[in-house]
Amino acid sequence: MLPSVTCAVDLIRSSERGLLLPHSCVNVLRCLLIAILLVSCTTSRAENIKAERRRAEQILNLVSKDVQNNFYDDALKGLDWPALTEQARQRIRGAEELGEMYGAISALLYQLHDSHTVFIPPKRKIKAVYGFKAKPFANNIFVYEVDKDGPAAKAGLQLGDQIVGVNNLNAVRETFFDMMRYLTVLDPRVELDVDVAQNGPTRVVKVPATVTPQPPQYFFSFIETGRDSDAQERLYDFKSYDNGIQYLRVRAFLMPPTEMVGMIKPLRDAKAVILDLRGNGGGSLSTMIDFMGQFVREPFEMATSVSRKKSEPIRVKPLSPHITSPLYILLDSASASASEMVARSMQIHKRAVLIGDRSSGRVNSAQFFWQPIGSWEAVEFGTEIAVSKVVMEGGEELENQGVTPDVFCVPTPEDLRTERDPCLDRALAMARSAKN
């Protein structure tokens, strides 16, 4: 029962208990009370929508201005930004739901087609867990991780399932990560309707969210670092294989310099090194530069960071210990930012063989602009804005392009279901062959 109807029924019952009226009068009173309450609720909702529209327009003004003042290209890629902002304003004025209003602001920033320019809506003080992970493998989206006994597993989602849509949105390689970030982090849904391809019609798997309250600091930290503060995953892992082959997986370039020494040490005497950058979303520029310095013989300028005010070279210089063994780098569609720069630079200088899928093409450098508005609590919404673009040596830009591996390799759905890793197997075979 809706709250307004419940309220009306309670008032009518109170009137019936407190007044001795003829039955016909009670019926008249019942009708009058319901009419009054429904009009009141309708008026209240209309006023709330108007207030939300006003607030959304205020947010739009601030977001639009922040982008105009800080995006690395002061021409905003030739877009008529005032006209597009006005279009977003009109969409807000015609919207009946808060989600539509925030969607209009997000759509404005999407016009820039920049991976690091995103609207972050207010009041995301919850953590929504759906219990699965999916990403592009070549041009298809597959589930590659399902939490045992989690919401997705209980709903029937399985490893290797191909996702073709989520909440009536098409799941395609170019926009999948942005779509899922919005649906699960920026504006999380109570339930995801996941369309899974089968032989014939698709089936819909309804995956409910496990929702827990979180302080705002959690949300902002997660957005800025891309890492869950509750996660216990190490930033890197080692494994030794036969014939002196060392495997190093780096999940993010976020380790301090003191930890870098311990990370590199096992590689000193390796006969071959397999560097796994799959799922590595980037990290600190200085950490990335120090890491690369362990694998090169000569100093060089790997890229240029171009902002609207200046261009700065990104230089790499050799560091000790110098690792000279053959290097094989694993990439996938979730390899982004600094990991893409490392892979492409090593490829350009023929220092490594790249194995796997084309990387994500999310390379620009961003800053976060947090904004309060009115009497809201401290930090309530923000905008991630690309303040500089990265141009690799030779003038190549990786944004929206990604890095193409030397050896293309993606697991099949059957590989995912049985948790086989054919790309690591390929790298091991190549390392053994090179050694021998």
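Quick one: in segment 214-272, which of the residues that are assigned to a loop (DSSP other than H, G, I, E, B) and over 30 Å from D178 (Cβ atoms) is modelled with the lowest pLDDT?
Taking the candidates together, the pick is P256.
Taking segment 402-422 as the search range and keeping residues that are under 24 Å from the mean Cα position of the chain (by Cα) and of a type in the set (A, V, I, L, M, F, W, C), which one is surrounded by the fewest Cβ atoms within 10 Å (Cβ to Cβ)?
V410
Only residues that are under 23 Å from V207 (Cβ atoms) and of a type in the set (A, V, I, L, M): list them for segment 108-139, please.
Those that are under 23 Å from V207 (Cβ atoms) and of a type in the set (A, V, I, L, M): I126, A128, V129, A134.
Give segment 320-348 a look and list any residue that's under 17 Å from R249 (Cβ atoms), not in a loop (DSSP other than H, G, I, E, B) and not acidic (D, E), or say none.
L327, Y328, I329, L330, L331, A338, S339, V342, A343, M346
Consider D149 carefully, then state whether it is free of Cβ contacts under 8 Å to residues at least 40 places away in the same chain and either surrounded by fewer than 21 Cβ atoms within 10 Å (Cβ to Cβ) or not acidic (D, E) (or both).
Yes, satisfied.
Tell me, which strands (runs of 3 or more DSSP E) wholly within segment 50-154 include 2 or more residues that are under 24 Å from K389 (Cβ atoms) and among the aliphatic types (A, V, I, L, M)?
It comes to 118-120.
Any chance segment 107-115 includes a residue that's crowded, with 21+ Cβ neighbours inside 10 Å and of a type in the set (F, W, Y)?
So far as segment 107-115 goes, no, none of its residues is crowded, with 21+ Cβ neighbours inside 10 Å and of a type in the set (F, W, Y).
Just give me the residues in segment 156-181 being farther than 17 Å from S360 by Cα, buried (at least 20 other Cβ atoms within 10 Å of the Cβ) and out of contact with any Asp or Glu (no Cβ under 9 Å at 6 or more places or on another chain), in sequence order.
Selection gives L157, D161.
Evaluate segment 44-56: report whether one residue or more is over 25 Å from M101 (Cα atoms), basic (K, R) and at pLDDT 50 or above.
no
Is there a residue in segment 186-193 that is modelled with pLDDT of 85 or more, buried (at least 16 other Cβ atoms within 10 Å of the Cβ), more than 17 Å from K135 (Cβ to Cβ) and not assigned by TED's automatic domain parsing to the domain that holds E414?
Yes: segment 186-193 contains one or more residues that are modelled with pLDDT of 85 or more, buried (at least 16 other Cβ atoms within 10 Å of the Cβ), more than 17 Å from K135 (Cβ to Cβ) and not assigned by TED's automatic domain parsing to the domain that holds E414.
Working only within segment 274-294, note down all residues that are in a loop (DSSP other than H, G, I, E, B) and under 23 Å from the mean Cα position of the chain (by Cα).
Passing the criteria: L277, R278, G279, N280, G281, G282, S284.
Got a number for residues in segment 363-386 being modelled with pLDDT of 90 or more and part of a loop (DSSP other than H, G, I, E, B)?
Qualifying residue count, segment 363-386: 2.
I need every pair where a residue in segment 235-260 that is free of Cβ contacts under 8 Å to residues at least 12 places away in the same chain has its Cβ under 6 Å from the Cβ of a residue that is assigned to a strand (DSSP E or B) and buried (at least 19 other Cβ atoms within 10 Å of the Cβ), sequence separation at least 6 or different chains.
Partner pairs satisfying both residue conditions: K239/Y247.
The values are calculated or read from the model by the stated rules, or taken from the named source; none is laboratory data. Keep in mind it's a predicted model, so treat the numbers as computed, not measured. Heads up, the Cβs are rebuilt from the backbone with ideal geometry, glycines too, and the neighbour counts pull from every protein chain shown.
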